[in-house]
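One structure is given here, and the rest of the page talks about it.
The values are calculated or read from the model by the stated rules, or taken from the named source; none is laboratory data. Owing to the predicted nature of the structure, the values given are computational and were not obtained by experimental measurement. Because the Cβ atoms are built from the backbone with ideal geometry, glycine has one as well, and the counts that use them run over all protein chains shown. What goes into the accessible areas is simple: the full protein's heavy atoms, side chains included, and nothing from ligands, DNA or RNA. Shrake-Rupley method; radii C 1.70, N 1.55, O 1.52, S 1.80 Å.
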Amino acid sequence: MKFLESTGRYFMLLGRVFSRPEKFYVYYRQTMKEFELLGINSIGIVVVISVFMGAVIALQTAYNTENPIYPAYLIGLGTRDMIILEFSSTMVALILAGKVGSSIASEIGTMRVTEQIDALEIMGVNSASYLILPKLVATLIFNPFLTLISIIVGIFGGWFAGTAAGVITSESFIYGIQYAFIPYYITYSLIKTVVFAFIIATVSGFQGYIVSGGSLDVGRASTKAVVYSCILILLFNVILTQLLLS
Amino acid sequence: MIKVSNLSKIFNGTTVLDDISVTFEPGITNLVIGKSGSGKTVLLKTVVGLLEPDMGDIWYDDIHFSELSSADKKPVRQKMGMLFQGSALFDSLTVEENIMFPLNMFTRKGMKEKRERVNFCLQRVNIKNANKMYPSELSGGMQKRVAIARAIVLNPGYLFCDEPNSGLDPKTALLIDELIKELTDEYNMTTIVNTHDMNSVMEIGEKVIFISRGIKCWEGSNKDILESDNETLNDFVFANSLAKKIRAEMQKKNPTS
Ligand SMILES: Nc1ncnc2c1ncn2[C@@H]1O[C@H](COP(=O)(O)OP(=O)(O)OP(=O)(O)O)[C@@H](O)[C@H]1O
Ligand SMILES: [Mg+2]
């Protein structure tokens with residue numbers, strides 16, 4: 001019952017988010033700010049995680065294909081596909097749900113409990129749209145770049161770890177990452193990223209927007225934002241994979 | 001003018017506002033007084049439309065506000081300025097950006113004009129050299145004054161203040177009260193101030209509404225508040241010893257009352 005009610009409120013909030021902005025320029029400037037806060041500031045964590053995960057994926061693939069009947073370039077190929085198909089979209093989205101989601105929920109939640117949202121409403125500003133739309137637009141546009149960065153850096157991490165550990169030569173790794181490359185996989189990965197970005201921004205925005213009470217409730221909302229975003233990301237990962245790859 | 005008639009508000013079965021009817025006049029400071037928890041904030045939030053009334057009507061001059069859809073409320077809202085109990089400044093914006101926010105959102109003024117308006121409002125509330133500071137770097141009293149500056153930047157017709165001087169020292173509190181009264185006179189605004197501070201009542205209470213447990217018990221001016229024989233009101237007014245002394249003095253001078 002409560003679940004249905006929340007879902008209803010979530011879609012009602014979405015309706016308010018997508019109404020016409022009062023002043024386009026103010027929203028534009030706010031979106032530029034969010035590019036920096038939610039996008040540029042996430043590059044660091046994405047790069048670090050991608051390098052290490054790429055490295056681990058390459059090494060694990062190597063140790064699982066030690067049988068001489070497998071050609072060595074399979075390591076490059078395997079690393080590439082795993083990173084593109086699953087890691088750089090889904091794993092990165094889960095990590096961003098933690099970083100970006102909690103920051104969105106706590107920022108908006110704090111504005112709610114300190115009456116800043118009421119202050120916006122009193123001025124005649126559509127607070128739902130003003131607070132959530134710029135964040136949504138910024139993540140929808142920027143997260144695909146984060147995914148591309150993650151793919152590139154992840155494959156580099158795999159190459160580095162593989163050659164440094166001596167499990168594969170640089171030539172076969174590079175041959176492997178070019179072998180039987182399916183460009184559609186990139187499209188698939190980017191489509192997932194966009195859907196996940198939508199989930200992170202709107203679910204976290206919703207959790208922050210409906211906070212009532214005090215700072216304790218803001219903390220709870222930000223935990224809920226991360227948990228629900230992650231569950232929805234995993235759910236939609238299954239759905240999208242079935243839709244896009246079958 | 002704001003007219004409220006037969007207003008009721010119920011939260012999960014508890015009646016917080018019970019059949020309140022009152023008219024708030026322009027150009028004077030209308031005070032709503034009452035004990036903590038009596039429903040002042042709920043009344044104010046219902047009047048401005050942040051809460052939906054369960055019964056009753058709200059009129060802004062000749063606009064039937066409580067009947068409007070939320071989209072139609074917007075133009076009326078742009079004529080409102082509100083000072084919240086906790087100031088509610090946007091903490092990611094500087095003082096200047098806070099005050100400029102309504103100008104950016106609702107006017108087509110150029111940067112120079114907007115700056116001038118911001119500086120004028122800041123000067124009006126006596127804040128200097130704080131344009132680039134963030135709200136967290138200001139004292140409570142300064143935050144309240146910046147919030148007042150933001151509330152008046154669009155020349156509102158209606159000003160709402162929820163406990164403008166709670167948490168301030170008596171002298172700063174007095175300054176803020178005077179400021180609100182001056183601005184009300186100057187721009188002929190309809191001003192509603194929530195307070196439980198008897199000093200404010202005596203200073204600026206041109207019209208006073210007393211509510212107790214969500215019921216309007218008394219209405220009058222600060223001139224006749226000390227002489228009322230309403231018991232609940234007297235309980236509230238003479239809760240402090242200074243007021244008790246004043247009443248004793250008055251009764252000595254005029255033993256018949
Ligand atoms: N959102 C809400 N849900 C349920 N009850 C509420 C809500 N808001 C206020 N109340 C109740 O309404 C009553 C009046 O609250 P209100 O905040 O209006 O008091 P107040 O007169 O402003 O007090 P104070 O001087 O302390 O600010 C309180 O008993 C409070 O518990
Ligand atoms: Mg209150």
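Annotations
- Average Cα contact separation per residue, chain A, under 8 Å, 6 or more apart, as relative contact order %: 35 percent
- Charge sum, other residues only, whose C-beta stays under 11 Å from A:Ala138's C-beta, Lys/Arg counted +1 and Asp/Glu -1: 0
- Of the GluC sites (Glu not before Pro) in segment A:1-66, the ones in a loop by DSSP (not H, G, I, E or B) with at most 13 other beta carbons within 10 Å are A:Glu66.
- Take the accessible area of chain B alone and of chain A alone, subtract that of the pair, and you get about 1900 Å² summed over both chains, using a 1.4 Å probe.
- Sequence-distant aspartates and glutamates (8 or more away, or on other chains) whose Cα lies within less than 14 Å of B:Lys9: B:Asp18, B:Asp19, B:Glu52, B:Asp54, B:Asp57
- Structure-based [θ]222 nm, chain A - -39500 (n - 2.57) summed over DSSP H runs of at least 4, per residue, nearest 500: -26000 deg cm²/dmol
- With a Förster radius of 51 Å applied to the beta-carbon distance between B:Asn199 and B:Lys112, the computed FRET efficiency rounds to 0.80.
- Relative to the longest principal axis of the Cα atoms of chain B, the long axis of helix B:95-106 lies at roughly 80 degrees.
- Over 19 Å between alpha carbons, listed pairs B:Lys223/B:Lys245; B:Lys223/B:Lys244; B:Lys73/B:Lys181; A:Lys23/B:Lys109; A:Lys33/A:Lys99; B:Lys79/B:Lys128: B:Lys73/B:Lys181; B:Lys79/B:Lys128
- Accessible area of B:Met142 in the full protein assembly, 1.4 Å probe (Å², nearest 10): 50 Å²
- For segment A:98-205, GluC sites (Glu not before Pro) meeting the loop criterion (DSSP other than H, G, I, E, B) and having at most 15 other Cβ atoms within 10 Å: none.
- Contour minus Cα-Cα distance for B:Met1 and B:Asp91 (0.36 nm per residue): 29.1 nm
- Residues losing 30 Å² or more accessible surface upon assembly, segment B:72-112, compared with the chain by itself, 1.4 Å: B:Lys74, B:Arg77, B:Phe84, B:Ala88, B:Phe90, B:Asp91, B:Phe101, B:Asn104, B:Met105, B:Phe106
- Gyration tensor verdict on chain B (Cα atoms; rounded if a/c is under 1.5, prolate if a/b is larger than b/c, oblate otherwise): oblate
- Here the 3J(HN,Hα) profile of segment B:184-201, calculated from phi with Karplus coefficients 6.51, -1.76 and 1.60 at θ = phi - 60°, is 4, 4, 4, 9, 6, 7, 8, 10, 10, 10, 8, 7, 10, 9, 5, 4, 4, 4 Hz, Gly and Pro shown as x.
- Residue-count net charge about A:Gln207 - beta-carbon cut-off 12 Å; Lys, Arg +1, Asp, Glu -1: +2
- Under the span-like rule (Cα at least 18 Å along the axis, Kyte-Doolittle mean at least 0.5), DSSP H helices of chain A: A:41-64, A:127-164, A:184-209, A:215-245
- Taken per residue, the accessible surface of chain A reaches 47 Å², heavy atoms only and a 1.4 Å probe.
- Taking only protein heavy atoms and a 1.4 Å probe, the accessible area of the protein assembly as shown is 60% carbon and sulfur.
- Efficiency of FRET from Cβ geometry, B:Ser221 and A:Thr223, R₀ 45 Å, rounded to 0.05: 0.30
- Loop-located chymotrypsin sites (Phe, Trp or Tyr not before Pro) in segment A:163-221 (DSSP state other than H, G, I, E, B) with a sparse environment of at most 16 neighbouring Cβ atoms within 10 Å: A:Tyr179, A:Phe181.
- For segment B:91-155, the relative contact order is 52 percent, taking Cα pairs closer than 8 Å that sit 6 or more residues apart in sequence and dividing their mean separation by the residue count.
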